[in-house]
Amino acid sequence: MLHTLKLLLDGIDIVTKIAKKSQPALPQLEPALYVRRATSISQYIDIATKAMVNDGKKVDDVKTILINRGLHEDHFDAVLNRAQYNYKVWFNETGGKPALTVFELYQQSTQRHAKPSVEIISHKGEDHALHFCALIGFRRYFLLPGRSVLYTIVNQALLNAPVLINEVAGITQSTFAKVGGKAGNPYLRVVTIGQQREAVYPYIQTEFKTLFYTQQIVEWDDGEPIIEAEIEGNLNRTVPVSFFATDYAVNKQIYQTQPNVEVRLSALVLELFEADTNTNEINQQPKGFWANNKYSNKSYFSFEAVILEIKGAPVDPVSIGCMMMLKLDRGQKTGSDFVIDTYITNNNIKADQIRKGMLARGILWFQGEIVR
């Protein structure tokens, strides 16, 4: 009897091991949706041409530059040949007069009027993968159908007229209505320079405004030119906060030279729980928000807030979420509460249910833009 039981258990163990091995792993997908294309072949050609035209670099020096920027040796000849051709055309047309690339034009357009008046530092930044997971759920983001939804909306955004634009950069956006989502929040925003897509990220539109004093700009050094940054400073009630600037590619010069601005702040909620002290009353006092040190970037905050309003906001028929209006802090005067619009996918709701008047806690990612 014991021998039979042992054989049975051994058989179950073997079947379990086989089943585990047969389970498909999450695909390792190329993260082209959010990775900047500043190191495409055309960009390498632009880098090489600039080194020859503006800096007078010879071929060997240019090759060293390209190696340091990560160009594979298989592409050296193609890039250098094209760069040398560009140099000859430039020299014949200008006689050696310096020329500006589209990326230098962008830098020039953001620095034309005044020198920066706030501190600017550099950081590696991030790739927005976590933010896409906050939009459609972690597991679905790593499946091809989920990723294809995002690609579809990116392509739709590229067909739309820019919502923000300057001499070189443009920002377009799109809702998810094309794939069965809501014709409103949430959105995807796409940054383009010289008709080339440079960045993609989720965007939550809001009409709530607040005064903001900028103390520091943390530029994301993930390609040329710099088009993404986090803005660190204080709200009008001297409350410290940092946010990802969804308009930095276009409003870079304003951020750098005008410390006092009016901004619209919103947020993606990464996780939400019911607070232990919840009384289900709209008037209950939340603790507010404070920096979350779990993340290397500055725009992540832990929070305790009262849910003032909930509206369904599906991305598509599979990815379901909602917009929540959160009261993060009670103002000193009537009507001066600090209220923001947020989005959360159902996968990130850890409470049994969410309801109006509920005191909730969790983690959010602040984003914002200048009111114009």
Pairs where the first residue, in region 166-178, is within 12 Å of Arg197 (Cβ to Cβ) and the second is part of a loop (DSSP other than H, G, I, E, B) and open to solvent by 10 Å² or more (accessible area, probe 1.4 Å), C-beta under 8 Å, 6+ apart: Gly170/Pro162; Ile171/Pro162; Ile171/Val163; Thr172/Asn160; Thr172/Ala161; Thr172/Pro162; Thr172/Val163
Among the residues of region 18-58, which ones are small (Gly, Ala, Ser), at pLDDT 80 or above and assigned to a helix (DSSP H, G or I)? Ala48, Ala51
Any idea which of (1) within 30 Å of Val179 (Cα to Cα); (2) under 25 Å from the mean Cα position of the chain (by Cα) is the one Leu308 doesn't satisfy? (2)
Which of the residues that make up region 314-328 are open to solvent by 10 Å² or more (accessible area, probe 1.4 Å), touching a strand residue (DSSP E or B) at 6+ places or on another chain (Cβ under 9 Å) and β-branched (Val, Ile, Thr)? Ile320
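Okay, residues lined up against (1) in a loop (DSSP other than H, G, I, E, B); (2) modelled with pLDDT of 95 or more; (3) over 19 Å from the mean Cα position of the chain (by Cα):
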position: Asn297; (1), (2), (3): yes, no, no
position: Val315; (1), (2), (3): yes, yes, no
position: Cys322; (1), (2), (3): no, yes, yes
position: Met325; (1), (2), (3): no, yes, yes
Kindly indicate whether Tyr213 is open to solvent by less than 50 Å² (accessible area, probe 1.4 Å) and among the hydroxyl-bearing types (Ser, Thr, Tyr). no
Counting only helices (runs of 4 or more DSSP H) entirely within region 59-148, those with at least 1 residues that are under 30 Å from Val179 (Cβ atoms) and at pLDDT 85 or above are 129-136, 138-141
Looking at Lys311, Lys333, which is the one that is modelled with pLDDT of 95 or more and loosely packed, with under 14 Cβ neighbours inside 10 Å? Lys311
Subset of region 252-286, residues assigned to a loop (DSSP other than H, G, I, E, B) and touching a Ser or Thr at 6+ places or on another chain (Cβ under 9 Å), comes to Gln258, Pro259, Gln284
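The values are calculated or read from the model by the stated rules, or taken from the named source; none is laboratory data. Predicted, not measured: the structure shown is a model, and the values here were computed from it. For neighbour counting, all protein chains shown are included, and Cβ atoms are generated from backbone atoms with ideal geometry for every residue, glycine included. Remember, those area values only see protein heavy atoms, side chains included, never the ligands or the DNA or RNA. Shrake-Rupley method; radii C 1.70, N 1.55, O 1.52, S 1.80 Å.
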